[in-house]
Amino acid sequence: AVIGRYKLSVQSASSDSSSPASLGTFVLLFNPWSSGDDVFMPNEAECEEYVLEEFGIIFAGNKNHIDSFGWNFGQFQGDILNICLSMLDRSLKYRQDPATDVSHRNDPKYVGRVLSAMVNANDDQGVVLGNWSGNYEGGKNPSSWTGSGEILQNWKKSGFRPVRYGQCWVFAAVLTTVLRCLGIPTRTITNFSSAHDADGNLRVDEFYDASGNHLNRTADSIWNFHVWNESWFSRSDLGPSYSGWQVLDATPQEESGGIYQCGPASRNAIKEGDVDLDYDCPFVFAEVNADCMYWNYDPATAKKTLILSKSTEIGQFISTKAVGRDDRVDVTKDYKYEEGSTKERDIFKKARKKLGLEDKFDPTAPTPQEVDQKPDISGKFKVAGPLDVGKDLNLILVLANLQSDVKTARVNMTAWSTVYTRRPVHEIWKDSISVTLPPKEAYAEYQQQLTTDNAIQVTALCHVEGGIQVLVQRDITLDNPDIYIQVLGEAKVNKEIDVEVIFTNPIDMEVMDCVLQVEGNDLLRGILEIDVPPLKASEKSSIKFKLIPFETGPKHLLVNFSCDKFAAIKTFKMVNV
């Protein structure tokens, strides 16, 4: 049966003249507890987590430094079910052909694909408008949302105008809410060092100029992390070995079938390199498997020179929340065979072959000689001291001579603040030094202090005399200061309880425009916003408020503190009511 709202009426057999009496309406959903359903999930604990759980944890940061924050999915609150059903009725598919669209609503692959398009605002005036510019005027900084409910309610209240603004985790979290609400088991997945392969060649090209600046010469990019969804259902179109977890992605990255939607791509198909199967497998395969090529590009001559290539860089620490616990579970092995193993390389070749990339000459690809060349020196950036926003960052460049003769190099260094997609926002610092490296294992160190934003990319391009260039880079994500929640006393239904939130300004300047946002299902209705007075350097703030819980059980309280210097300082606490 198709999901959605049904009218139920009764007709009396004896009186053929009377019109049927309405008994009301009901909503039919997918049923993961029923073995006959496409979304049947045999494990009860998984049903609890992936359909009924309204709280989640989303992973972010970068591969060297995994961070996490809580999210209120809130799929069973207030008006959410009605809003989810109206998303289906506002989709392009429904507008083009309502009868056919509705007739396909018994199929989770169809519903998942349509909703992956509707969660982003592109094409169809969908729910959330993306913004990766670093400037969020006219809307809300994507980092400051704490739940999907406010976003979905705002979309409806505004007459279905896209809500400003989202980035990948916002799209993924909203899609989780909508699919769980409709009965499709769904979870968020974070992929670290995620490739955005815009031209479909399973290769990501990055270009740097002679000064070490990251050039925006291609639509390809490597994101510090990217968040998408997995939903659980059978694939009658592909066969039983492709059933189970399916990748859906509502972040508008590339068009599929003419609009911004992605999936469902069978996770098993991705692991086995079966990139010729529906839907969007080549794009998802590249997100976790693409090879990286780093080039030096000279704008004057338009000449590009390969600096290095890496085949193990992309798709690391693929993460999701554990079932029934607030821990991280690594699912990388479910997406690919072990990096560097022959099986993994065989799958990569198989995927290239299926996409017709093995047989055709690619003029943009490096030559085997370029790929095999060996550098004379190696380098890395080390970070000394704490990685905290507002504190100076001690950066150390360590260079080593790998050869048995003296090497000299000119080293051009830059640091840029970036968005998590590694899109540069503004230059923080640059410098240039000449170094002479004695033979074998001798080190030169260069130290620099930086005062920066949350995410920065540091690059050193080393021009070695008589040798190939060496690129040293590191992406650094800085920690926000801590914020603490204390629940004062025991939480009981319909009884007032005091909560205290404590925050200390860690930087040596005043912070202004401070706002605390609080939400939590069954603990308070809607969102509580508290204006907090400015805080001087190192000043501690204690913010107290009252709650009246209205349901028993374990509940999550989420807080978000923002001010002119910090976008989103988040934490959550489990409150047993």
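The values are calculated or read from the model by the stated rules, or taken from the named source; none is laboratory data. A quick note: this is a predicted structure, and the numbers were derived from the prediction, not measured. Cβ sites come from the backbone with ideal geometry, for glycine too, and all protein chains shown count toward neighbours. Just so you know, the surface numbers come from the protein's heavy atoms only, side chains and all, with ligands and any DNA or RNA stripped out. Shrake-Rupley method; radii C 1.70, N 1.55, O 1.52, S 1.80 Å.
Observations, loosely collected:
- Carbon and sulfur %, accessible surface of segment 379-475 computed with the full protein complex present, 1.4 Å: 47 percent
- Computed on segment 57-354, with alpha-carbon pairs under 8 angstrom and 6+ residues apart, the relative contact order is 18 percent.
- Counting Lys and Arg as +1 and Asp and Glu as -1 over every other residue whose Cβ lies under 14 Å from the Cβ of GLN96, the net charge comes to -2.
- The angle between the Cα long axis of helix 108-118 and the longest principal axis of the Cα atoms of the chain comes to about 70 degrees, rounded to the nearest 10.
- For the chain: accessible area per residue (Å², 1.4 Å): 43 Å²
- Note on segment 203-312: with neighbouring protein chains present and a 1.4 Å probe, carbon and sulfur make up 48 percent of its accessible heavy-atom surface.
- Applying 0.36 nm per residue to the separation of VAL323 and SER18 and subtracting their alpha-carbon distance, the gain on full extension is 104.5 nm.
- Accessible area per residue was computed with a 1.4 Å probe on protein heavy atoms; ARG474 scores about 60 Å².
- Accessible-area order (highest first, 1.4 angstrom probe) of the listed residues THR312, THR251: THR312, THR251
- The convex hull of the Cα atoms of the chain, projected and averaged over all directions, covers 31.6 nm².
- Contour excess over end-to-end distance, with Cα ends at SER236 and ALA99 and 0.36 nm allotted per residue: 47.1 nm
- In degrees, nearest ten, helix 342-354 long axis to first principal axis of the chain (Cα): 70 degrees
- Whichever lysines have a C-alpha closer than 17 Å to that of LYS565, once near sequence neighbours (fewer than 8 apart) are set aside: LYS140, LYS391, LYS536, LYS540
- Taking all protein chains as shown and a probe of 1.4 angstrom, HIS65 keeps an accessible surface of around 50 Å².
- Of all accessible heavy-atom area on segment 483-576, the percent that carbon and sulfur account for (1.4 Å): 49 percent
- Residue-averaged 222 nm ellipticity for the chain, from DSSP H runs of 4+ at -39500 (n - 2.57), nearest 500: -4500 deg cm²/dmol
- With viscosity 1.567 mPa s and temperature 4 °C, the Kirkwood radius over alpha carbon pairs of segment 483-576 converts through Stokes-Einstein to a diffusion coefficient of 94 µm²/s.
- Compared with the dominant Cα axis of the chain, that is its longest principal axis, helix 148-157 is turned about 60°.
- Exceeding the 23 Å Cα-Cα cut-off - candidates LYS321/LYS555; LYS310/LYS343; LYS374/LYS430: LYS374/LYS430
- Applying 0.36 nm per residue to the separation of ARG217 and ASP531 and subtracting their alpha-carbon distance, the gain on full extension is 108.7 nm.
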